[in-house]
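The values are calculated or read from the model by the stated rules, or taken from the named source; none is laboratory data. The structure displayed is predicted, hence computed values, not measured ones. Every residue, glycine among them, receives a Cβ derived from its backbone with ideal geometry; neighbour counts consider all protein chains shown.
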Amino acid sequence: MVAPVVKVKQGWLRGTNVKSVTGGSYVSFRGIPYAAPPVGTLRFADPSPPASWTGFRDASKFGSVSLQFDAVQKKIIGDEDSLFLNVATSSLDGPRPVMVWIHGGGFFMGSGNDDLFGPDYLVEQGVVFVSINYRLGVFGFLQLHDPAASGNMGLKDQTAALKWVKENISQFGGDPNNITIFGASAGGASVHYQLLSPLSKGLFNKAIMQSGTALDTWASMSESQSAEHLSRYLAALGKESSDPKEIVEFLRTIPAENLMQTQLDITRPEDLLWVELPFMPSVDDKSKEPFMPRHPKEIGLEGSEVPFIIGCTTHEGIVLVSDMNNSPCTALDENSKLILPNSLVPRNHPKKDIVSDEVRKFYFGDEPITEDSIDNWIQTTGDICFTFGLHKVVETQQKTKKAPCYIYKLSYDTTQSLGKCLSNSSYEGVAHGDEIPYLFNVQITGDRLVHKPGTQEKIVSDRMVKLWTNFAKHGNPTPETNDLINVKWLPVTENEKHYLNIDGELSAGIDPDEKVVQLSHRISEILDDE
């Protein structure tokens, strides 16, 4: 077959034809630069426009992934020159709805490549699929509270990619006026950040947040936390300075791999307990162009004018327990009080022990906390890190009534679990990230997550793909019901939290996680009652 070609603002691209796992084929354009390489004097700078080229640029291979530590290979991989995106579509004719995927990975790992995110199922439903890379770790989130390096460069990369999509996607058959952004984990939090940021207004029309919001405990960093991590980071590199310009100039002289290795070296076991990592999104009000001028909790109170789907799985905490060597006993301080995330209750807060007792009573009752309490601990970490934030977002939307909001809960438990596969765990329940194999052709695990025709997993996958692409096309995940989608998914109202339970069968309900939400409210009342 003849290689497909497309002309974008910067020049001509030559893509490739891909055989789909669904039996057909689609065209793919990979490794497209959407911003200038952030190297040299552009290291830690906001993204700049990409350069044009002459002739045909080969777009058959993925570009470099962002610098990161690969947990499987146990080594640093990637490159600073990584600001690439990928486009896949069954046809260059349009206009077709566009879905832009923002990968997760805690803001320190991951990419938009198809080893995890093969677009086969989505493309088959007639959408144009885009995935992006963005700067991670210190390169994307160094925060000096100064224009020299004001934080959130990785989130600004995402915005730059969305601007590129808005300008160029019509060349691939995409509709620039019907763009849905979606992501999971840190990708879900990124989607929420894009909803909140003044820099991203008008760049997309709908959003889907899977297991991640900007209000989650792990998704942002306070100024004091940021300063403490930075101080340890500079000390590890042998630098003493409080001058932001001097710090940035110094860090630009260090080889990129050394900067990444130092980030790994200063990450302590206690940082991993609640995923409080050295470089994360933050308020960047010292930036010349702030992405997050105020705290997301504050901006979030204004609600979203863009319709969105938001949801999580039943046992999000499995990933925290498996990946971080995290156990109930590692979370107890010397007084047997639970150590909780700084962003939930600061370590020096006078009410922290009262909150600790409240959480302990809710999840463990009067039982002692031991290694055998692992199931309770999975629920504790999952609710605090994911469920609390999700419902804060939903409750704001109920109050502001600015746009429809749809909640889902994935409760279909299967051996074909991405979260358990990657973390090599066998706990019961639906793990963090388990939506991904239903939406994407996951190649990283061989054929372990392939859904065979006629299986329940294949039916669940077909349903989720249809619901997600319906939403991208129509702004409504169930514009009609049929044999596959036999339940109407209602948006929340001012007084009722409607949600869709995605199990072996679909079912509609009201008020998911009601007791957990009440606990979250009690904690807020304790902390507000100074």
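Taking segment 377-457 and the helices (runs of 4 or more DSSP H) fully enclosed by it, the elements with 3 or more residues that are within 22 Å of Ala219 (Cα to Cα) and in contact with a strand residue (DSSP E or B) (Cβ under 9 Å, 6 or more places away or on another chain) are at 388-400, 418-423. Residues in segment 436-457 that are surrounded by 16 or more Cβ atoms within 10 Å (Cβ to Cβ) and in contact with a Gly (Cβ under 8 Å, 6 or more places away or on another chain) were compared, and the one that is farthest from Glu505 (Cα to Cα) is Gln443. Based on this model, can you work out whether Thr41 counts as outside any loop (DSSP other than H, G, I, E, B) and surrounded by fewer than 23 Cβ atoms within 10 Å (Cβ to Cβ)? Answer is yes for this residue.
Within segment 127-138, the presence of at least one residue that is over 15 Å from the mean Cα position of the chain (by Cα), farther than 27 Å from Val6 by Cα and crowded, with 24+ Cβ neighbours inside 10 Å is confirmed. Could we say that Ile254 is within 16 Å of Val191 (Cα to Cα) and either surrounded by 14 or more Cβ atoms within 10 Å (Cβ to Cβ) or not assigned by TED's automatic domain parsing to the domain that holds Asp383 (or both) here? No: the conditions fail for Ile254. Set side by side, the residues Lys201, Lys166 differ, and just one is surrounded by fewer than 24 Cβ atoms within 10 Å (Cβ to Cβ), outside the structural domain of Cys385 (by TED's automatic domain parsing) and free of Cβ contacts under 8 Å to residues at least 24 places away in the same chain, which is Lys201.
Results for (1) over 25 Å from Gly104 (Cβ atoms); (2) within 20 Å of the chain's Cα centre (by Cα); (3) not assigned by TED's automatic domain parsing to the domain that holds Tyr499, shown as yes or no for each residue.
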position	(1), (2), (3)
Lys288	yes, no, yes
Val319	no, yes, yes
Cys329	yes, no, no
Leu338	yes, no, no
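Taking segment 458-481 as the range and being surrounded by 21 or more Cβ atoms within 10 Å (Cβ to Cβ) and outside any helix (DSSP H, G or I) as the test, the residues that pass are Pro477, Thr478.
Remark: pairs (first residue in segment 324-343, over 9 Å from Trp274 (Cα atoms); second residue polar (S, T, N, Q); Cβ separation under 6 Å; 6+ apart in sequence or on different chains) = Pro328/Ser373; Lys337/Ser356; Leu338/Ser356; Ser343/Thr217. Restricting attention to segment 369-417 and to residues that are closer than 28 Å to Glu457 by Cβ and free of Cβ contacts under 8 Å to residues at least 40 places away in the same chain, the residue that is surrounded by the most Cβ atoms within 10 Å (Cβ to Cβ) turns out to be Ser417.
If I filter segment 414-444 down to residues being over 21 Å from Thr380 (Cα atoms) and at pLDDT 90 or above, which single residue comes out as nearest to the chain's Cα centre (by Cα)? Restricting to residues being over 21 Å from Thr380 (Cα atoms) and at pLDDT 90 or above, the top hit is Ile436. Taking the conditions exactly as written (at pLDDT below 95 and either in contact with a Phe, Trp or Tyr (Cβ under 8 Å, 6 or more places away or on another chain) or closer than 26 Å to Leu203 by Cα (or both)), does Gly63 satisfy them or not? The answer is no for Gly63. Selection of segment 129-174 for residues being among the hydrophobic types (A, V, I, L, M, F, W, C), in contact with a strand residue (DSSP E or B) (Cβ under 8 Å, 6 or more places away or on another chain), assigned to a helix (DSSP H, G or I) and closer than 19 Å to Pro293 by Cβ yields only Leu162. With respect to being over 16 Å from Met153 (Cα atoms) and surrounded by fewer than 21 Cβ atoms within 10 Å (Cβ to Cβ), Thr16 fits the description.
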